[in-house]
Amino acid sequence: MQIDGHHTATYVAARIAGFSYGDAQTIAYAAQYVDDATNAGLIRFRQSRYLYSRIASAHKMVDYNNFVDVENHLAWIPFHFLPGNGLLPAGETPQGGEMEKLACRPDSHVARDMLRYAARERDMDRGLHRLGIAMHVYADTFSHQGFVGSLCIANQVKNMTSGDDELDRRIREFTKAELLDSVKSNIRNFFQVLGKAFSLMWFERKLPTAFISDFMHKNPVGHAAADVYPDHPYLHWQYTDYRNQLIKRDNPATFMKAVEMMAKAMQAWRAGDVEMHLERQPGLQEADRQVLDRLIRNTVDLDGERRRQDWLAAIGRGEFSFGNEVPVYIAKGVGSWKEAALGTREETDTGLEQFAYTEAFLVSHWKHFHDALQRHRSDVVHEILPRYGICAA
């Protein structure tokens with residue numbers, strides 16, 4: 001999913017589930033911030049001996065960490081491509097071995113366990129932030145189904161098409177433009193990517209063309225080979241996977257199911273059902289379902305932020321059952337959680353900064369989010385996945 005799903009759709013699901021405007025804002029902000037928390041390392045404070053260590057839950061499009069499989073295990077597996085164990089419970093092994101264990105699957109037993117662990121923190125100061133992170137991961141089990149969050153042949157995609165040649169061309173051109181913009185906006189990181197790529201080419205004794213071909217086609221990471229097709233809610237598309245099986249995807253139905261199940265998960269959270277018996281929850285009302293279906297199917301734009309603006313307009317007009325209001329999301333800069341906690345408006349940290357420390361830092365949204373982020377990854381990697389026979393970094 002992109003920002004229209006992780007922010008506005010999550011916000012709508014939270015409000016439908018009964019959360020207040022403020023709590024839904026926190027949940028939706030945390031859900032989207034998983035995609036935007038791309039800085040890692042120590043936070044140092046001026047005139048203070050205090051330190052804070054944070055992790056990154058995503059990498060930018062142009063980031064040399066995407067070439068390093070251990071980095072993919074640290075970011076993509078726990079936060080974006082939660083292994084699904086072939087939709088089987090703990091103790092059972094699916095056909096296909098490790099690749100099928102690692103492949104992301106919607107609403108898997110692993111995903112339900114992830115929700116249960118998050119629900120245990122419902123009364124903590126970071127509880128809503130942990131819930132938002134869980135909603136991001138849970139939603140991605142639907143949109144990212146079938147793909148693995150590491151360099152893997154299971155991510156191979158062939159003969160991909162939406163059935164609309166012009167739309168396919170526009171998507172390719174839009175992705176190329178985004179990649180070029182990313183390079184232009186962070187030329188320092190681009191040279192890091194080149195340096196890492198050349199060092200890996202030397203280590204693997206491969207020519208640049210062979211290395212790029214392997215990275216993009218033979219062993220892609222996540223759904224890189226599928227471009228943005230899994231993340232655009234309005235798309236119907238198909239492709240041939242690494243087993244030469246034809247996979248047909250109905251994104252509108254998938255996204256609607258994701259929002260329905262997110263609403264149920266948050267209803268269970270509010271009801272104190274830490275075992276996450278989602279089948280007992282009411283889910284969506286019909287009137288809200290119709291608005292959601294229209295937004296998912298009819299908001300046809302290649303830019304996720306422009307699609308989010310359409311969602312915000314519908315929310316602002318009061319089209320949903322909870323009334324008219326405007327949720328706000330600012331990833332970095334003025335008005336962001338990071339600025340409130342650290343006083344910085346920079347998007348990228350060099351690692352050399354020293355920030356002003358105040359006691360408000362300890363109770364800031366930004367710190368609660370990063371505390372929850374680290375606890376989530378630890379629970380997934382060290383507690384949940386090993387029960388399914390899955391070992392991740």
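None of the figures in this text is laboratory data; all of them are computed from the coordinates on show. Keep in mind it's a predicted model, so treat the numbers as computed, not measured. Quick reminder, even Gly has a Cβ in these numbers, built from the backbone with ideal geometry, and neighbours come from all protein chains shown.
Rounded to a whole number, what is D in µm²/s for region 212-293 from Stokes-Einstein with the Kirkwood radius over alpha-carbon pairs (10 °C, 1.306 mPa s)?
104
Would you grab the residues whose amide H sits under 5 Å from the one on F45? Only those 5+ places off in sequence or on another chain, please, with H modelled 1.01 Å from N.
Under 5 Å from the amide H of F45 lie the amide H atoms of F355, each far enough along the sequence or on another chain.
Please report H109, H277 as a ranked list, fewest other C-beta atoms within 10 angstrom at the top and most at the bottom. Before the final figure, lay out the partial values.
On the way: H109 19, H277 12.
If I rank by nearby Cβ atoms, fewest first, I get H277, H109.
Taking only the alpha carbons of region 250-393, what extent do you get along each of the three principal axes, in Å, biggest first?
Principal extents (Cα only, largest first): 51, 43, 31 Å.
Give or take rounding to whole Å, what are the principal axis extents of the alpha carbon atoms in the chain, in descending order?
Largest to smallest, the principal-axis extents are 56, 55, 45 Å.
In the structure displayed, which of K101/K158; K264/K332; K101/K338; K176/K248; K176/K367 lie more than 32 Å apart, Cα to Cα?
K101/K338; K176/K367
Please report the spacing between the Cα centers of region 315-340 and region 16-30 in Å, no decimals.
Cα centres, region 315-340 to region 16-30: 10 Å.
For region 319-393, what percent of Cα pairs sit more than 15 Å apart?
For region 319-393, the fraction of Cα-Cα distances above 15 Å is 70 percent.
Using θ = phi - 60° and the Karplus form 6.51 cos²θ - 1.76 cosθ + 1.60, what ³J(HN,Hα) does each residue of region 363-371 get, whole Hz, x for Gly and Pro?
Running phi through 6.51 cos²θ - 1.76 cosθ + 1.60 with θ = phi - 60° gives 10, 6, 4, 4, 5, 4, 4, 5, 4 Hz.
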